[in-house]
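**Q** This structure is in structure tokens; I'll ask about it shortly.
The values are calculated or read from the model by the stated rules, or taken from the named source; none is laboratory data. This one's a predicted model, so the numbers in the text were calculated from it and none came from an experiment. With ideal geometry, Cβ positions are generated from the backbone for all residues, glycine too; neighbour counts draw on all protein chains shown. Accessible surface areas use protein heavy atoms only, side chains included; no ligands, DNA or RNA. Shrake-Rupley method; radii C 1.70, N 1.55, O 1.52, S 1.80 Å.
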Amino acid sequence: MSTRQGYYLYGVVPSGQAEELGAVGIDGAKVRTVPFEKLSAVVHCCEAEVKIPDDEKGAGRWILSHQIAVDSVWERFGVIVPASFGTVIKGDDPDKTTVKWLSDNYESFLSKLKRLVGKAEYGVQVFWDMKKISEEVICGDQELSSLQDKIRTETTGTSYLHKKKMEQVLKSKLEEKSLNFFKSVYDTINNTVDDVVIEKIKPVAEGVQMLMNLSCLIAKKEEKLLGSILDEINKTNGTIARFTGPWPPYSFIGKCL
């Protein structure tokens, strides 16, 4: 094979057979397995330097195709250690390089696959409607309620000073409430799932604050249990919980890929 060729990697599965999986890869690429003992890398042939489209639409199409391919392989084999988008195995002989890579990481992959059998990744995001939450905090706090009354009734200058103080006190109260809320919800979820990763908080719509962004590993048969916890969260005034999945367990594969 040309030294310019490589293998685009979709993941590792528990199969020792060389198989043709069909044109299920990115842009219809033909996907196959490269086996080593009880494992196989799922790949398609590519250039060693993959040129990902530099426009948003093209890149998005590739990412979606990658995800669909991983989902297809996951469904076929029942479990997968998924590769991140854009992972390429390079070498003068891609088959030999891939087999060596599987050999070097063999025990680690076997352990990961055993751990991931019957499990999937689910996303949990929790948001606050800041207007509703702020109103609730003010109503339940004597100091804030008193400041609010003074803002309504006193002169413009004095009212302004009370308003600034109220903003500071409310900010502090909301931070305390959010920390307590996060700890309570996190502990409940952490005691329910097999593993959890705290992801970065993302900006959302004006007036809405993301409080929690988690990736959770849990047995598929326990999905409803996690969903019921989020249903209870949704009953809390001003709180919105979002539940996505099942996904291949990207967040729980470590650094082998």
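**Q** Please determine, in degrees from 0 to 90 and to the nearest 10, the orientation of helix 106-116 with respect to the longest principal axis defined by the Cα atoms of the chain, where the helix direction is its Cα long axis.
**A** 50
**Q** Lys and Arg at +1, Asp and Glu at -1: add these up for the other residues within a Cβ distance under 15 Å of Pro246 and post the number. It would help to have the intermediate numbers written out before the result.
**A** Working: positive: Lys119, Lys220, Lys221, Lys224, Arg242; negative: Asp71, Glu75, Glu121, Asp194, Asp195, Glu222, Glu223.
So the environment of Pro246 carries a net charge of -2.
**Q** Apply 1/(1 + (r/R0)^6) to the Cβ-Cβ distance of Asn234 and Glu167, taking R0 = 30 Å, and write down the FRET efficiency to the nearest 0.05.
**A** After rounding to 0.05, the efficiency reads 0.55.
**Q** Also, I was wondering about something else. Could you check the simple spin-label distance between Ser146 and Lys183, using points 7 Å along Cα→Cβ, in nm with one decimal?
**A** The modelled label-to-label distance comes out at 2.7 nm.
**Q** Let me ask something else. Given R₀ = 41 Å, FRET efficiency for Ala23-Leu174 by Cβ-Cβ distance, to 0.05?
**A** Values: r = 53 Å, r/R0 = 1.28.
The computed FRET efficiency comes out at 0.20.
**Q** Another question, then. Take every Cα pair under 8 Å in the chain that's 6+ residues apart, average their separations, divide by the length, and report that relative contact order as a whole percent.
**A** Details: 423 pairs, mean separation 57.9, N = 257.
This gives 23 percent for the chain.
**Q** Quick one: compute the contact order of the stretch 50-187, relative version, from alpha carbon pairs under 8 angstrom and 6+ residues apart, as a percent.
**A** Working: 54 pairs, mean separation 20.5, N = 138.
Averaging sequence separation for qualifying contacts and normalising by length gives 15 percent for the stretch 50-187.
**Q** Quick one: which of Lys112/Lys220; Lys163/Lys200; Lys38/Lys119 span more than 22 angstrom between C-alpha atoms? All intermediate terms of the calculation are to be shown ahead of the outcome.
**A** Details: Lys112/Lys220 17 Å; Lys163/Lys200 32 Å; Lys38/Lys119 20 Å.
The pairs that break the limit, which is 22 Å between Cα atoms, are Lys163/Lys200.
**Q** Taking only Cα atoms, what is the 0 to 90° angle, nearest 10, from helix 94-104's long axis to the longest principal axis of the chain?
**A** Helix 94-104 and the main axis of the chain meet at about 60 degrees.
**Q** Can you pick out the pairs among Lys114/Lys221; Lys165/Lys202; Lys51/Lys96 whose Cα atoms lie more than 19 Å from each other? Can you show the working numbers first?
**A** Numbers: Lys114/Lys221 17 Å; Lys165/Lys202 28 Å; Lys51/Lys96 23 Å.
Flagged as over cut-off: Lys165/Lys202; Lys51/Lys96.
**Q** Within a Cβ distance under 14 Å of Met212, other residues only, what is the Lys/Arg minus Asp/Glu net charge?
**A** Working: positive: Lys177, Lys183, Lys200, Lys202, Arg242; negative: Asp187, Glu199.
With Lys, Arg at +1 and Asp, Glu at -1, the net is +3.
**Q** Once neighbouring chains are kept in place and the probe is 1.4 Å, which whole percent of the accessible area of the chain is contributed by carbon and sulfur?
**A** Numbers: 7480 of 14580 Å².
Whole-percent figure for carbon plus sulfur exposure: 51.
**Q** Taking Cα atoms, how many degrees apart are the long axis of helix 223-234 and the longest axis of the chain, rounded to 10 and kept between 0 and 90?
**A** Tilt relative to the chain: about 20 degrees.
**Q** Separate question: Starting from the Cα gyration tensor of the stretch 1-89, take the square roots of the eigenvalues, sort them a ≥ b ≥ c, and report rounded, prolate or oblate (rounded when a/c is under 1.5, otherwise prolate if a/b is larger than b/c, else oblate).
**A** On the way: a/c = 2.13, a/b = 1.35, b/c = 1.57.
It is oblate, given that a/c is not under 1.5 and a/b is not larger than b/c.
**Q** Follow-up question, since we're still on this one. Using the heavy atoms of the protein chains and a 1.4 angstrom probe, tell me the accessible area per residue for the chain in square angstrom.
**A** Values: 14580 Å² over 257 residues.
Averaged over the residues of the chain, the accessible area is 57 Å².
**Q** Let me ask something additional. Per-residue counts of other Cβ atoms within 10 Å, averaged by peptide: what ranking do you get for 9-18, 24-33, 128-137, highest first?
**A** On the way: 9-18: 19.6, 24-33: 18.0, 128-137: 15.8.
So the order, starting with the most tightly packed, is 9-18, 24-33, 128-137.
**Q** Can you tell me the FRET efficiency between Lys132 and Lys90 if r is taken as the Cβ-Cβ distance and R0 is 51 Å, rounded to the nearest 0.05?
**A** 0.45
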